[in-house]
1. Mind listing whichever residues of region 84-99 are open to solvent by less than 50 Å² (accessible area, probe 1.4 Å) and within 14 Å of the ligand (Cβ to nearest atom)?
2. Go through (1) over 22 Å from A16 (Cβ atoms); (2) away from the ligand (no atom under 16 Å from the Cβ) one by one and return the number of the condition V104 breaks.
3. Quick check: anything in region 47-60 surrounded by fewer than 21 Cβ atoms within 10 Å (Cβ to Cβ), more than 13 Å from the ligand (Cβ to nearest atom), closer than 18 Å to A16 by Cβ and not hydroxyl-bearing (S, T, Y)?
4. How many residues are open to solvent by 50 Å² or more (accessible area, probe 1.4 Å) and assigned to a loop (DSSP other than H, G, I, E, B) if we restrict to region 61-73?
5. Failed condition for S76, given (1) more than 12 Å from the ligand (Cβ to nearest atom); (2) in a loop (DSSP other than H, G, I, E, B); (3) open to solvent by less than 50 Å² (accessible area, probe 1.4 Å), with all others met?
6. So which of V27, V32 ends up being under 13 Å from the mean Cα position of the chain (by Cα), within 12 Å of the ligand (Cβ to nearest atom), of a type in the set (V, I, T) and under 24 Å from Q134 (Cβ atoms)?
7. Within region 122-161, track down each residue that is of a type in the set (V, I, T) and not in a helix (DSSP H, G or I).
8. Tell me the residue from I138, I81 that is out of contact with any Cys (no Cβ under 9 Å at 6 or more places or on another chain) and surrounded by 20 or more Cβ atoms within 10 Å (Cβ to Cβ), please.
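The values are calculated or read from the model by the stated rules, or taken from the named source; none is laboratory data. Just so you know, these numbers come straight off a predicted model, no measurement behind them. Positions of Cβ are backbone-derived with ideal geometry, glycine not excepted, and every protein chain shown enters the neighbour counts. All accessible areas refer to the heavy atoms of the entire protein, side chains included, with ligands and DNA or RNA removed. Shrake-Rupley method; radii C 1.70, N 1.55, O 1.52, S 1.80 Å.
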Amino acid sequence: VKPPAYRCCTPPQLCAKEALENGEVPVGCLMVYKDEVVGKGRNEVNETKNATRHAEMVALDQVLDWCWQSSLDVKSVCERIALYVTVEPCIMCAAALRLLNIPVVVYGCRNERFGGCGSVLDVSSADLPHTGTQFKCISGHRAEEAVDMLKTFYKQTPKKRKKLCNTRCHVV
Ligand SMILES: [Zn+2]
C-alpha cells in the first residue's frame, strides 16, 4: 500500500481517535486536492443525532465550502480529490463519492456490516448507469490501527458509549 502523498499534521487516524474520545464510532477521513487538505471529518452521528453525519459527509461539506470560498468548480475539484479514510466507506457514503466523481479512495480496514466498496455492496466499481463514475479503492492502509479503535469502541459499556441512539444508526 502506497502511503498517502499529502502534507498534513492531522492524519485521518487522529480524526478517528477524536471520534472515539467523543463517544462516536471511530472513523476519520481527509479529502486531498492537489496535495492540499480541503476537507476533513470524523463521525458526528451521536452528537448531532443525525445518522447521515459520517466522517465522509462531514468532510464533503467542507469541500463544498472550500470550493465556494476559492471560486472553484465543485465538479472539477472533486474529479481530482483523493479520500483517505480509516474504514471502508459505507453504502451511503460510497454512493455520494460516486455521484461527486471522486476518483480514488484509500481506506484502512473493511466495513463488514455496511461497506459500499465490496464488503456488502460494490457501489465503487459496479456498472450503475447515471450514478457518477466508478472509483478506485486502495485498502489496507493502517488497517490494524483502525480495527483496534473500532474494537475499543465496541468493547465500551453502553453507558460509556454515551447516548448512542438505540436505532442502530451508529453505523460507520
Ligand atoms: Zn458512511
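1. Residues satisfying the conditions are V85, T86, V87, E88, P89, C90, C93, A94, A95, A96, L97, R98.
2. Condition (1) is where V104 drops out.
3. yes
4. Residues flagged as open to solvent by 50 Å² or more (accessible area, probe 1.4 Å) and assigned to a loop (DSSP other than H, G, I, E, B) within region 61-73 amount to 3.
5. Against the list (1) more than 12 Å from the ligand (Cβ to nearest atom); (2) in a loop (DSSP other than H, G, I, E, B); (3) open to solvent by less than 50 Å² (accessible area, probe 1.4 Å), S76 comes up short only on (2).
6. Values: V32 fails: within 12 Å of the ligand (Cβ to nearest atom).
That would be V27, the only listed residue that is under 13 Å from the mean Cα position of the chain (by Cα), within 12 Å of the ligand (Cβ to nearest atom), of a type in the set (V, I, T) and under 24 Å from Q134 (Cβ atoms).
7. Initially, region 122-161 is screened for residues of a type in the set (V, I, T), giving 123, 131, 133, 138, 147, 152, 157.
Hits for region 122-161 are V123, T131, T133, I138, T157.
8. Working: I138 fails: surrounded by 20 or more Cβ atoms within 10 Å (Cβ to Cβ).
Just one listed residue meets the conditions, I81.
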